[in-house]
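None of the figures in this text is laboratory data; all of them are computed from the coordinates on show. Predicted, not measured: the structure shown is a model, and the values here were computed from it. Cβ coordinates were reconstructed from backbone atoms using ideal geometry, including for glycine residues, and neighbour counts include every protein chain displayed.
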Amino acid sequence: MRAAVSALDPAAEATDADRLLARITAGPGGHLSLSIYETARLVRLAPWVWGHHARIDYLMARQQRDGAWGGPGIDALVPTLSATEALLHLACAQDRPSIHAESRTDAADLLAAAADRGLRALRDLLGAPSRRPPSTLGAGTLVPHLIGEINRRLCRCERPQAAHRRLERHSPLPAPHQAPARPAFSPGEPAPSRASGPRPAAGHLLEATGEADRGAAALHPVDGAVGGSPAATAAWVARRRADERAPACARWLDHFARRHGGPVPSLWAAAEFEQAQVVAALARGGLAAAVPPALRNRIRRSVARGATGPAPGLPSACETTSTMLYALTTLREDVPIEILQRFETATHFQGWHGESLPSTAANAHALEAFGSHIALHPHRRARHAPAIAKITRWLRGHQRHSGHWDDPWHVSPYYATYCAVLALSRYGDDDEDAAVTRAIRWVHTTQRPDGSWGVWNGTAEETAYALHTVLAAPYQASPVTLVKGAAALRRLSSTGGDHPPLWRGKDLCAPSAVIDAVILTATHRLRTRSTLTQRKILGRSLTDPWPRDPANHP
């Protein structure tokens with residue numbers, strides 16, 4: 001759930017920071033939004049896991065009026081395929097489960113009707129050649145696999161009940177359309193990464209591949225999970241005889257489902273990713289001083305083991321490792337910064353070995369890690385200056401003409417721009433960075449009339465990213481931008497409810513603890529500007545001129 005933050009109240013900010021740190025210290029990975037895709041795969045592959053009926057109810061309740069799930073736009077394709085295939089299988093099965101419905105309505109009626117609406121929505125999504133392909137994780141593998149499963153089920157669904165007549169009218173789904181040329185970014189439509197999305201780690205898509213594919217034959221569960229994914233774990237268990245199944249997998253699936261009432265998120269136990277991101281976000285905003293010793297020790301132990309992935313069973317990732325190093329360095333701890341060298345290439349730092357799409361965020365966080373390390377150890381500047389220059393050059397070279405950056409792991413360019421600007425403005429090798437100026441100009445020009453920012457609608461998360469970007473060099477922005485943005489952030493962050501999913505997994509997700517940390521620190525940074533800056537940002541008339549002379553910066 002979204003955490004409301006108290007605007008411009010230092011005592012409340014400190015309390016919110018303490019509460020947020022306690023949240024991520026208490027338990028691993030419990031703050032990721034629920035996943036339509038993964039929940040539907042458990043309905044299909046693991047009906048024996050606790051909460052089967054609750055998962056079906058969840059899918060039925062989350063279907064949209066147009067018949068799709070997830071989204072918006074083409075990003076609805078993978079979750080809609082997954083949910084439709086699962087409900088279609090149930091509608092045609094001999095042992096249909098009960099669903100919460102009026103007693104006069106048979107379960108098959110509801111299941112077949114939902115599958116029918118899903119199939120109609122899929123034809124619209126697959127039959128629009130002008131639309132971009134989905135950019136979620138592994139879409140190039142998941143889409144043809146799920147289409148094949150649906151088409152095989154349609155051919156076998158020949159039961160005579162009236163509930164199935166509507167399904168018998170459906171012909172097989174068409175193959176996915178080809179990727180169109182990449183469109184330019186506009187504030188209402190996110191820029192895509194690539195047709196197939198980021199390439200997944202081996203085993204993360206086990207439910208859609210053979211175990212010999214991508215090195216998956218050597219996979220084994222880690223802490224009960226395969227590839228950090230409930231769907232992959234359920235597939236691993238389902239492909240084995242009962243006497244070959246690892247009890248740890250069954251226990252973890254059951255525990256994970258119980259924790260969320262039946263439906264499941266896309267990753268479990270993403271403790272390293274979550275803890276590193278939250279502590280780093282608080283550090284960037286000056287709120288990390290109260291990091292609990294238990295959490296600090298946990299991050300320290302993860303770093304001591306070497307490069308770290310976001311969750312058990314996933315490969316080491318530059319972004320998670322860099323963020324941990326940066327967080328510890330801001331807490332004035334010496335860290336083995338050299339472990340980042342395993343991600344270094346001739347031109348940039350790769351997210352992990354064998355990545356298909358370079359990540360702006362991973363390189364920005366690596367720049368932060370090196371820069372903060374040198375700030376703590378100035379005598380090591382010469383040793384790490386080439387890496388800083390390499391990352392700075394790469395980030396500038398990948399800035400879009402309009403001034404923003406993109407990242408394959410996030411829908412919104414405001415996230416990638418926030419990462420790049422904060423890193424370049426603090427640790428880049430050029431104090432007068434034109435890239436930062438261009439980015440702030442882009443943020444200013446894409447602000448919505450109500451003061452918020454967002455690719456689809458104004459969101460608290462994206463508004464916080466935009467304000468962080470502007471506050472990197474506040475005298476390059478109009479006071480109107482900051483005043484309206486601050487008001488929009490207060491309004492959006494106080495409404496409660498869930499954060500809209502903007503992070504890319506197999507479908508879109510929202511790591512609420514990470515987002516809450518970014519929102520909290522944006523509010524804190526607005527308040528903790530110097531007295532003159534606060535008066536100009538928060539107290540003066542919106543029509544007052546904005547000083548441009550850097551010498552006037554307090």
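Sum up the charges of everything whose Cβ sits under 12 Å from the Cβ of Lys484, counting Lys and Arg as +1 and Asp and Glu as -1, but leave Lys484 out. Show your work: numbers first, answer last.
Numbers: positive: Arg448, Arg490, Arg491; negative: Asp450.
Around Lys484, the surrounding residues sum to +2.
How do the peptides 390-398, 516-524, 461-469 rank, highest first, by the average count of neighbouring beta carbon atoms within 10 Å per residue? Mind dumping the intermediate values first?
Values: 390-398: 19.1, 516-524: 26.7, 461-469: 29.0.
Final packing ranking: 461-469, 516-524, 390-398.
Compute the FRET efficiency between Ala93 and His220 as 1/(1 + (r/R0)^6), taking r as their Cβ-Cβ distance and R0 = 41 Å, and round to the nearest 0.05. Write down the numbers at each step before the final one.
On the way: r = 31 Å, r/R0 = 0.76.
So the FRET efficiency works out to roughly 0.85.
Length gain on complete extension for the stretch Ala304 to Ala290, per 0.36 nm per residue less the alpha carbon to alpha carbon distance?
2.9 nm
Quote the relative contact order of the stretch 304-373 in percent (integer), defining contacts as alpha-carbon pairs under 8 Å separated by 6+ residues.
On the way: 93 pairs, mean separation 25.0, N = 70.
Worked out over the stretch 304-373, it gives 36 percent.
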message: If R₀ is 41 angstrom, what is the calculated FRET efficiency for the pair Arg241 and Ser171, using the beta carbon separation as r and rounding to 0.05?
response: 0.65
query: Packing-wise, with mean Cβ within 10 Å as the measure, how do 283-294, 228-239, 445-456 rank, highest first?
result: 228-239, 445-456, 283-294
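Can you tell me the length gained on complete extension of the stretch Arg152 to His255, counting 0.36 nm per residue apart and subtracting the Cα distance? Write down the numbers at each step before the final one.
Values: separation 103, 0.36 × 103 = 37.08 nm, distance 3.24 nm.
Length difference between fully extended and current span is 33.8 nm.
For Ala22 and Arg123, what does the FRET efficiency come to when R0 = 41 Å and r is the distance between their Cβ atoms, rounded to the nearest 0.05?
Working: r = 48 Å, r/R0 = 1.17.
About 0.30, to the nearest 0.05.
Between Arg441 and Ala14, what is 0.36 nm times their sequence separation minus the Cα-Cα distance? Round to one decimal in nm.
Details: separation 427, 0.36 × 427 = 153.72 nm, distance 3.16 nm.
Net length gain for the segment: 150.6 nm.
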